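The values are calculated or read from the model by the stated rules, or taken from the named source; none is laboratory data. In this text the structure is predicted, and so the values were computed from the model without any measurement. Note that we place each Cβ from the backbone using ideal geometry, even for glycine, and neighbour counts take in every protein chain shown. Each accessible area value is taken on the protein alone, full model and side chains, heavy atoms only, with ligands, DNA and RNA left out. Shrake-Rupley method; radii C 1.70, N 1.55, O 1.52, S 1.80 Å.
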Amino acid sequence: MTIKAVRGTRDLLPPETESWNQVEQAAREVFALYNFHEIRTPILEDTQLFARGVGEATDIVFKEMYTFEDRARAQSEKAQSLTLRPENTAGVVRAYIEHKLWERPGLQKLYYIGPQFRRERPQKGRYRQFYQIGAEVIGPPSAGSESPARDAEVLQMLVSLLQRAGIKDWNLQLNSVGCANCRPAYNEALRQALAGVVDRMCVDCQRRAQTNPLRVFDCKVPEDQPTIETLPRIGEFLDEPCREHFAEVLEILRATGTPYTLNDRLVRGLDYYTRTAFEFTQGSLGAQNAILGGGRYDGLSEAIGGPKAPGIGFAIGEDRFVMALSAGEAVPSSSVPHAYIAPLGAKMNAAAAQLARELRDQNVSVELGDDSFRLKKSFETAEKLGIAKVIIVGENEVASGQFAVKDLKNGEQKSMGREQLPEVLRRPARTSSSSVTEV
RNA sequence: GUGGGUGUAGCUCAACUGGCAGAGCACCGGACUGUGGCUCCGGACGUUGUGGGUUCGAUUCCCAUCACCCACCCCA
């Protein structure tokens with residue numbers, strides 16, 4: 001049996017990796033405009049971080065984590081339970097606490113790009129090793145971390161990222177899920193309301209009513225919808241501070257022309273979310289149509305043993321983002337070298353390598369051939385690689401110092417000294433209509 | 001974890017009712033020894049996902065298993 005990539009993981013090959021780099025570059029540029037800076041946290045974390053941060057009862061922690069016991073190195077050392085991170089917010093907050101980042105001036109505005117791991121059944125837009133691009137704004141309340149201005153700014157940043165990357169047909173769904181103060185009352189009201197009607201609902205809802213009542217709002221069974229419509233909404237239970245916070249977020253969004261859709265059934269699957277919760281969906285993605293999601297997590301730091309450090313953040317599903325991109329026409333023009341160097345005849349490899357190095361030092365990208373190739377093969381190879389210009393390095397050229405440069409687009413060939421090469425090669429090829437008709 | 005679908009060459013797909021596993025594209029070489037695209041000729045290409053069963057004979061029928069796809073659950 002040949003060895004294959006394990007289930008739910010995949011190789012990203014060229015030219016697709018070009019799209020990934022484009023997405024990441026667009027993200028870095030936009031983040032920089034909003035003064036976010038990169039953080040890189042370990043892929044491996046103490047299992048407790050996720051149990052306490054993400055929530056013991058969530059599906060992610062309960063049944064989807066890659067967890068294993070790291071063996072003790074010495075008698076005196078205890079074995080430790082480690083987990084491949086299923087998301088990155090907990091890790092960022094852990095680092096915030098560990099390095100006392102609240103001692104630094106202002107808010108911490110951090111972004112990350114990297115792989116995450118969840119053991120789910122693979123599906124379109126869902127992998128066991130998947131990639132997230134995310135950002136967090138976190139800090140002490142005195143630095144403004146609780147301000148609705150931060151929520152609105154993050155949402156606005158996401159809109160500019162989607163626009164810059166060329167994602168179309170997106171929709172921003174917004175809700176407020178309350179806080180530690182008002183959510184218990186709502187949970188109780190919901191539980192009571194469900195108690196009366198749950199036996200008429202689908203089996204999944206009956207289970208949700210027990211384990212995580214908020215999630216009945218996710219139900220897609222048509223027969224359940226009328227029942228769900230009668231259930232109380234979190235919006236009716238928000239306390240005054242939560243209500244004001246949400247209203248101000250909306251006001252800023254309107255003022256900045258950021259379109260949104262209120263969705264009072266939007267709930268999020270991680271325990272740490274408070275107040276603002278959001279999701280961007282995209283039309284071309286199939287059932288897994290959430291291209292990114294996030295929200296506020298005002299109690300997360302304290303849940304994992306840190307100081308009060310409210311924050312808001314999001315994670316973009318990079319796999320889905322790239323998918324949404326290639327569903328449109330925004331296919332990347334993969335980068336093709338400026339020139340192909342064709343060493344011609346025996347013992348020309350050294351001279352060709354020398355020229356290649358000179359050109360590369362001057363930022364000319366070069367694919368270097370082999371002197372065992374016949375010229376014909378060199379031309380064919382350059383043609384197949386889509387390279388526009390071929391430089392011939394033969395005995396004549398080496399002796400005279402004049403190199404033959406052929407433009408494959410229009411068939412013209414001329415001789416020139418090496419000092420002229422970089423400038424000529426970097427110039428894009430002219431494709432005159434007259435040259436197309438030769439042959 | 002549950003349900004449905006699909007697995008044949010690098011890619012896209014054929015192969016009648018169970019009877020020699022094929023084509024196009026791509027790849028390699030030649031025609032053409034310092035000049036590509038077009039054309040022609042030739043070459044290589046497979047444990048038909050894997051293992052078992054039925055059969056004189058299985059890509060085809062049956063069972064199991066694995067992978068992928070789609071959906072549920074859940075999430076990015």
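General observations
- Test: residue in region A:172-180 that is open to solvent by 50 Å² or more (accessible area, probe 1.4 Å) and either more than 27 Å from the chain's Cα centre (by Cα) or within 16 Å of RNA strand B (Cβ to nearest atom) (or both): yes
- Exactly one residue out of A:357, A:320 is of a type in the set (D, E, K, R), open to solvent by 20 Å² or more (accessible area, probe 1.4 Å), in contact (Cβ under 8 Å) with a residue 60 or more places away in the chain and closer than 25 Å to residue A:14 by Cα: that is A:320.
- Figure legend. Inter-residue proximity from region A:180-193: first residues in a helix (DSSP H, G or I), second residues aromatic (Phe, Trp, Tyr) and open to solvent by 50 Å² or more (accessible area, probe 1.4 Å), beta-carbon distance below 8 Å, spacing 6+ or different chains. Indicated pairs: A:183/A:237; A:185/A:237; A:186/A:237; A:189/A:237.
- Verdict on residue A:313 being in the same structural domain as residue A:52 (by TED's automatic domain parsing), modelled with pLDDT of 90 or more, at positive phi and not in a helix (DSSP H, G or I): no
- Exactly one residue out of A:160, A:142 is at negative phi, more than 15 Å from RNA strand B (Cβ to nearest atom) and free of Cβ contacts under 8 Å to residues at least 60 places away in the same chain: that is A:142.
- Any chance residue A:130 is surrounded by 15 or more Cβ atoms within 10 Å (Cβ to Cβ), touching a residue at least 24 places away in the same chain (Cβ under 8 Å), part of a strand (DSSP E or B) and in contact with a Pro (Cβ under 8 Å, 6 or more places away or on another chain): yes
- Single residue of region A:76-96 satisfying the filter (of a type in the set (D, E, K, R) and within 16 Å of RNA strand B (Cβ to nearest atom)) that is nearest to the chain's Cα centre (by Cα): A:87
- Within region A:283-309, tally of residues that are closer than 11 Å to residue A:324 by Cα, open to solvent by 10 Å² or more (accessible area, probe 1.4 Å) and touching a helix residue (DSSP H, G or I) at 6+ places or on another chain (Cβ under 6 Å): 1
- Summed over region A:20-40, residues that are buried (at least 20 other Cβ atoms within 10 Å of the Cβ) and within 16 Å of RNA strand B (Cβ to nearest atom) total 2.
- Looking only at region A:377-391, and only at residues there that are among the charged types (D, E, K, R) and more than 24 Å from residue A:354 (Cβ to Cβ), the one that is least open to solvent (accessible area, probe 1.4 Å): A:380
- Which listed residue is open to solvent by 20 Å² or more (accessible area, probe 1.4 Å) and touching a Pro at 6+ places or on another chain (Cβ under 7 Å), from A:236, A:248, A:223: A:248
- Qualifying positions in region A:273-321 - of a type in the set (Val, Ile, Thr) and within 11 Å of RNA strand B (Cβ to nearest atom): A:281, A:291, A:316
- Annotation for region A:357-372: at least one member residue is out of contact with any Ser or Thr (no Cβ under 6 Å at 6 or more places or on another chain), among the basic types (Lys, Arg) and modelled with pLDDT of 95 or more.
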